[in-house]
Each structure stands twice: as C-alpha cells, then as structure tokens.
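Below: the structure, in structure tokens.
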Amino acid sequence: MNDLSRETVTASPKSLRLDFDTPALLRKRRMRAFKDHLARWCVSIGGMAVLGAITLIFFYLAYIVLPMFQGVDLEARKPLQPAWLADAGKPLLMAVEEQNQVAMRLDERGQVQFFDAKSMALLSAETLPLPANSQVVSVAQDQPGSNRVALGLSSGQVLVFEHAYPVSYPNDVKTITPRINYPFGEAAISLDAQGRALDHVGVSLNGGTLLLAASTSSDLHVLSLGREENLMTGEVTLSEDRIVLAQIAEPIKALIIDPRHQWLYVINGRATADVFSLRTKELNGRYKLLSDGATDVTNATALLGGISLMIGDSKGAIQQWFMVRDEDGKQYLKSIRSFQMGDSAITQILPEERRKGFMALDAEGNLGIFHSTAHRTLLVEPLTAGAALAGLSPRADRVLVEAQGQLQRLLIDNPHPEVSWSSLWGKVWYENYDEADYVWQSTSASTDNEPKLSLAPLAFGTLKAAFYAMLLAAPLAIAAAIYTAYFMAPAMRGKIKPVIELMEALPTVILGFFAGLFLAPYVEGHLPGIFSLLIFTPVGILLAGFAWSRLPESVRLLVPDGWEAALLVPVILLVGIVSLSMSGHLEVWLFDGNMRSWLSNDLGIAFDQRNALVVGLAMGFAVIPTIYSIAEDAVFSVPKSLTFGSLALGATPWQTLTRVVILTASPGIFSAIMIGMGRAVGETMIVLMATGNTAIMDMNIFEGLRTLAANVAVEMPESAVGGTHYRVLFLSALVLLSFTFVMNTLAELVRQRLRVKYASL
C-alpha cells in the first residue's frame, strides 16, 4: 500500500506536466504570443505614424513659410535700340501701365511716346500743347498710381495731364489704347506772374482740389485750383486761390506736397527741409536732413501715401523721414531709418504703387531694391553705366531703363519684401505713429497703409492667456487631485472623479459663447464681488477647516473618514452668495459706485469688458479637468507600500504626503501641468469669443488680447492664397507648433529627471 502511494505521488507531477503541454494549450499560447506581437507592432506603427504626421505637418508649414525669406530675383533682358529713340529728346519721365504691355516716355520737348514694353516698338506719339516759345523745365508726379503729371515750363506756367490706358475688346481681342487726358484743361496754368522758368514743381489732387507748387530759384509759388463740373452740361469751372508762404533763403531742390494737403515740404540748400503747414499757412520748422556738412541731397520723393519722404544724398544713402508728434502734441519732421546703397550719388528714387517699397538708381548705374517698413535692402546690382532714367511698373515686377540710347527691360520677382526679422518680432516705427511699437494690423481700408505684421503681440497674448488660465487652474486642479487621491474615501472618489473628468467633454465653443455673452458683462457689473469671491473662498475654507478641527471628537466621528470634503460644499456656496450679493454695496462704499471708473480714472488702469480675467476664468475651467485627471492618477498610483511604510515609521499623514507621496508623483504632476499649459496655449474658441481680439502687449488683467491660434482662425479665410499675409499666418502656426514641441520636450526631460531622482523612494 505504501509502495502504491509512493508511485502515485511520483507519477502525479509528470501527468500534470503533460496536461500543460496539450495541443489546445500550445495553440492558446501561440495565439497569445501572436496577439502580443501584433499589439506591439500596432502600437509601434501607430506611434511612428503619429510622429510622421507631426513631422509632415512641420515640413508642410515650413514649405509654405520659407518663400517669404528667399529674397529677390532680377533678370535682365537684352538692351534694345529702337529707331524712334534716336530722334527723341532727353528723357524726363518713364512709366509702364498695369499689364506691362505699354510704356510711356516723356522728353524735354513735350513729346510723349507710347511704345511696346517688350519689343520697344513705337505705338503712338503725341505732342503736348505747350504754350508758344516755352519748354519743359521740370516735371513732377502725383501719388504713385495716379498717372498724374505736372510740367513746369520756362514761361512760368504749369501744364497738368494724365496718361491713361483704357482696355477694349474689338473682335474679342484685348486692345490697350494709350491716350493723354487734360482734367484741368489743355491751357497751361500760370504760377509766376513774371514769366520766369519754374525750376521745380509739385502737384497733388485731393478730392476736387488740385494743389500746385513751383519755385523760381528761391521764390516759392503755391496755387490751389478747384474744379467743379456741371452734371447737366458737363461744363468744367475752375477756381483759383493763391497761397502766400514765407520765402526760402536758399535755392530750392525739390517740392513735395502731402496728399491730404496738410504739409508742403521744401528741400533747399545743401540738405535743409522747410516744412509749411498749408492749413495755417505758417512755417512748421526748418530741419537739417544730413548731419555731414559735406554731403548734399541729390534726390527726394514721397513713398506711397505721401507720408514718408525718401531723401537720397551724394554718398549713396537714402533716409526716410515723416512727421511725428512730441510729448506736447506738436508735429515735427523726424528721421526714422536709413539705407545705404553704395558710395555714389542717388539720382532717382522710384516708389512702388502698392507697397511701401522703392527702387533707386545711383550715378554709377547701380539699381537698388528696398522696403521701408521691413528696413530691408533686398538687392543692389549694377546695370548699364550711365543709366539716365528708369520707370517702374504698377506691380513692381518690371523696370524699364534708358541708358546710352538703349532701352532695357528688367524682370523682378519680389513677392514678399514686407517680411523681415525686425518687422515680425521687433519694434517698428510705422507712419502716423509717434514712436516705435509692436503692432498687428494685417488689413486696412486702403493700400496706402503699411503692413503691420508683428507676431510679438500675438505671442505675448498667447502666453498671457495661458498664464492667467494656469494661475486659476493649476492650484485648484492639483490640490483637488491630491485630496481626491490621498484623503478622499474610495466611494466618494468614485463619484467625484468621473464628474470632474466629464467637464472636459464640454465643447470649448460653448464655454467661449458663455464667457463672451454672459460672463464678461457679469464680471464687469460685479467686479467687487468677483474679487471678494477669489479672496474669501480660500479664507472661508481655511476657517471652516480650523473650526472643524476644534469640534469635539464625538462630533467629528459622526462623519465617515474621507467624507469631510462634502462639508465644504455649503461653505463655498455661502461664501459665493455673500460675496456676490455684497458686490453692489462694496462698490458704493469703496469705489463711489463704479469700480470700473475708479480703475480707469484714479489708478489709470484701462478696462475692457472682454479681458484676460474673463479668459482666465473660462479657459481655467476648461483646463482644470485635464490637469486634475493626470495629476490624480499620478498621486493615486504611488505604491501603498511607501505610504504604509512611512506611516508605520511614525510619520503623520501630512508628512507622508509632502515627503513621500508628492515627491514620488512629481513627474506625473509636472506632466499634468505641462499638458494643461499646452492645452491653454493652443486654445482657440474661448479666446476668440471672450477676449475682444485686441493685439496689444499689456499684462493688465483688465485688457484684452489676441492669441496666435485665434488670429489664424479669424484671418485665414480672408487671406489671399500665396500672399504675404497668408504665409505669415502659416508662420504663426509654425511658431505655435514649435513652441508646443519645445515645451513638451523640456517637460519630458524634466519629468525623466524627476523620475530618476525619486525612483529610490
């Protein structure tokens, strides 16, 4: 019997081993291993696909953005010598029409030649109706794009004409027919009663008023000419008004009239500008344009819009000047920025008709391409020596140059001159501004305005919104996560955590709608109550906790362990009701009935209804669930052995929390904060609907803001595909993506260091 039992016992392990090696179990093991490998590969492929998608997004954004920084391409075509050019006089003006098909040339004899801009073949010629025995002495153009020209004559008169290029389609063939118009009549207008030659002339049309300025040596003549047209008969009536200004002591070099007829700039002497107010008919001031006494002004013109003066000198420099206001509100002429083309004198400055760019020629035949706002020297290249005159097309993509009896066509590819590091991230002194500033204003009613594409206020607004949101969300979410995971009863935790996580499912557009339409006006009307609520809520919680700790133990034991947080609900509700109900009384008692006026008038703090405080409250509410969920999981995942071991060694629960639990969970808590920060940085709808979208750089909590994400959402539908505005918006997206990537990378590095540091706990 004993032998039989011994055999049975020895045989049982073998039979058990055979049972585990059955074909069914082997198939199950193989299937489980296959599923494990399949899951590992799926997770790996999915992770690589996510990384690949992010990389492709990054490269696509870079593909759209990079063309803005590629510079200018210039292609020079072979010079041509048309036969008609040999009989023409000295050139005074050259222009190209919109389609780059027809060009115009004006010579000193008053002859206007229209010719093909590609083949240089003569299309038509017209002789201007100059008075008998008079010659063209000077020429001036009105604002770029107006095609309005004034000729100063040797008889002391001015002839005003316009060159036009109407388009027709005879037999479905596009035909451009150039012609000359005389909006103020074909008769020359007398400016100098003595009949002296007009050395320099200026012209500007504002509404129905034509302003003419001319000089004879140092004498100044200004005439305002009104034009009224009878709608019934078409008869034109002209009215004249002579403006008497102080005479100039030195010979005049150039006359430039402000398009608004506010200022007259008189360049005289070697490098002096006298600025006259045409409204008060007084001298505003006399300004020294060049500090070097050995340098002369050689050319002066106005940029598009007529606000900026471009002054070229004999040493190859070009300066930009315009009127600004001082601290007392008085306007004065100020040098804003300068460009250096070379060492030779600037002979011609050509402003663009649609942008704040310009081109320049110097005495050595060099061509320079610049942009004023971006402060960029885009290109400086030599052309034919002795270039006499150049004409720029309206699109700034063609230049015609006349030199040594030949005409040369230049093709220019310059799509994005407005973009530079300084225009995107630095302070820029814009026209009509009294100082340099960070400004985003991508669109305007007129093309005369400068592009203001500074990303600095948008990046600042993004960080400002995230800062105020995290200021509210991070302390509440982390404190709630620690209490829920460490102190709260499991049954209560099972109810509270899903409810808080469910908050994340609320669409942000609903939060933005609520914040913009209800919360913003409510906060404005209850400012004392809101601040009382923010101050007294933590105070009330601390006082309630202190009072609870002083109650008899028999009373405190009536509440199950871990359910004490439920007692704070009525405390918070009571503090909220009392704070908000006392708001009106506090406002009357402390702020004379209007806290907003008190902030603005007494403290000088600007107040906007949709401000960073509203964004902080709304976006903080949206970010809390994200931070809470991750931080709570990190705290709850701390091994219980560490907690029990600390308590067993005599540490209090609070000491265990601060010295063991939080340190061990710190990598997860830090990740929660960074992920919440990333959520706040990338938020769109809340900041779009609750901030007013004001692109300003002010840390004031009562001022609005504009973020990168909201700006892209608002302006992308309005931008022209491939334009500068379009690409700058993609650059905004690239900046936002890069910022989030860098922030998450740093967060991961810090998290790994924290994990290594506290892994031994």
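Some observations on this one:
Matching residues to (1) surrounded by 14 or more Cβ atoms within 10 Å (Cβ to Cβ); (2) modelled with pLDDT of 90 or more:
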position: THR8; (1), (2): no, no
position: GLU75; (1), (2): no, yes
position: LEU92; (1), (2): yes, yes
position: GLN99; (1), (2): yes, yes
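For every residue, the table says whether it meets (1) among the basic types (Lys, Arg); (2) in contact (Cβ under 8 Å) with a residue 12 or more places away in the chain; (3) in a strand (DSSP E or B).
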residue	(1), (2), (3)
GLY391	no, yes, yes
ALA396	no, yes, no
VAL399	no, yes, yes
GLU402	no, yes, yes
ARG409	yes, yes, yes
PRO415	no, yes, no
SER422	no, yes, no
TYR430	no, yes, no
TYR433	no, yes, no
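- Residue tally, condition surrounded by 12 or more Cβ atoms within 10 Å (Cβ to Cβ) and at pLDDT below 90, over the range 157-185: 3
- Residues within the range 224-260 that are surrounded by 18 or more Cβ atoms within 10 Å (Cβ to Cβ) and without any contact (Cβ under 8 Å) to a residue 60 or more places away in the chain, tallied: 9
- Note on the range 119-141: residues that are closer than 22 Å to ARG354 by Cβ and either touching a Gly at 6+ places or on another chain (Cβ under 7 Å) or surrounded by fewer than 16 Cβ atoms within 10 Å (Cβ to Cβ) (or both) total 1.
- Among the residues making up the range 145-197, those that are in a strand (DSSP E or B), polar (S, T, N, Q) and under 19 Å from GLY110 (Cα atoms) are GLN157, ASN181, SER190.
- All positions within the range 290-306 that are among the aliphatic types (A, V, I, L, M) and buried (at least 21 other Cβ atoms within 10 Å of the Cβ): VAL297, ALA300, ALA302, LEU303, LEU304
- On inspection, ALA520 passes the criterion of being crowded, with 19+ Cβ neighbours inside 10 Å, assigned by TED's automatic domain parsing to the domain that holds ASP633, touching a residue at least 60 places away in the same chain (Cβ under 8 Å) and more than 28 Å from GLN655 (Cα to Cα).
- Flag if GLU450 is assigned to a loop (DSSP other than H, G, I, E, B), of a type outside the set (S, T, N, Q), in contact with a strand residue (DSSP E or B) (Cβ under 9 Å, 6 or more places away or on another chain) and touching a residue at least 12 places away in the same chain (Cβ under 8 Å): yes
- Residue match in the range 598-610 (condition: part of a helix (DSSP H, G or I), out of contact with any helix residue (DSSP H, G or I) (no Cβ under 8 Å at 6 or more places or on another chain) and of a type in the set (Phe, Trp, Tyr)): no
- Filtering LYS464, LYS452 for residues that are of a type in the set (Lys, Arg) and crowded, with 23+ Cβ neighbours inside 10 Å leaves a single hit, LYS464.
- In the range 598-638, of all residues being free of Cβ contacts under 8 Å to residues at least 12 places away in the same chain and not polar (S, T, N, Q), the one that is nearest to PRO521 (Cα to Cα) corresponds to TRP598.
Residues are listed down the side, and each one gets a yes or a no for (1) outside the structural domain of GLY616 (by TED's automatic domain parsing); (2) within 17 Å of ALA374 (Cα to Cα); (3) modelled with pLDDT of 90 or more:
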position: SER423; (1), (2), (3): yes, yes, yes
position: TYR430; (1), (2), (3): yes, yes, yes
position: GLU435; (1), (2), (3): yes, yes, yes
position: TYR438; (1), (2), (3): yes, yes, yes
position: SER446; (1), (2), (3): yes, no, no
position: ASN449; (1), (2), (3): yes, yes, no
position: LEU463; (1), (2), (3): no, no, yes
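- Taken as a whole, the structure places MET619 among residues that are part of a helix (DSSP H, G or I), over 17 Å from TYR483 (Cβ atoms), assigned by TED's automatic domain parsing to the domain that holds LEU472 and modelled with pLDDT of 90 or more.
- When we screen ILE307, ILE318, ILE311 for residues that are in contact with a Phe, Trp or Tyr (Cβ under 8 Å, 6 or more places away or on another chain) and part of a loop (DSSP other than H, G, I, E, B), the only hit is ILE307.
- Options VAL575, VAL638, VAL614: the member that is modelled with pLDDT of 90 or more and assigned by TED's automatic domain parsing to the domain that holds THR684: VAL614
- Looking at ILE346, ILE336, ILE307, ILE311, just one residue is under 29 Å from the mean Cα position of the chain (by Cα), touching a residue at least 12 places away in the same chain (Cβ under 8 Å) and more than 25 Å from ALA246 (Cβ to Cβ), and that residue is ILE336.
- Qualifying position, being out of contact with any His (no Cβ under 7 Å at 6 or more places or on another chain), in the same structural domain as ALA479 (by TED's automatic domain parsing), within 20 Å of GLU501 (Cα to Cα) and β-branched (Val, Ile, Thr), among THR626, THR656: THR626
- In the range 322-332, the residue that is surrounded by the fewest Cβ atoms within 10 Å (Cβ to Cβ) out of those that are within 27 Å of the chain's Cα centre (by Cα) and under 15 Å from LEU309 (Cα atoms) is VAL324.
- Any hit, the range 591-608, residues being outside the structural domain of PHE514 (by TED's automatic domain parsing), of a type outside the set (A, V, I, L, M, F, W, C) and buried (at least 22 other Cβ atoms within 10 Å of the Cβ): no
- Restricting the search to strands (runs of 3 or more DSSP E) fully inside the range 70-142 and requiring at least 1 residues that are among the polar types (S, T, N, Q) gives 111-116, 122-127, 136-141.
- Lone qualifier among THR691, THR658 - being surrounded by fewer than 20 Cβ atoms within 10 Å (Cβ to Cβ) and either at pLDDT below 90 or under 16 Å from PHE739 (Cβ atoms) (or both): THR658
- Qualifying residues in the range 373-411 (those that are of a type in the set (Gly, Ala, Ser) and under 19 Å from LYS315 (Cα atoms)) - the one modelled with the highest pLDDT: ALA388
- Residue match in the range 703-713 (condition: out of contact with any helix residue (DSSP H, G or I) (no Cβ under 6 Å at 6 or more places or on another chain) and over 28 Å from THR55 (Cβ atoms)): yes
The values are calculated or read from the model by the stated rules, or taken from the named source; none is laboratory data. Note that the structure is a prediction, hence the values are computed from the model and not measured. Ideal geometry is used to build each Cβ from the backbone, glycine not excepted, and the neighbour counts take in all protein chains shown.
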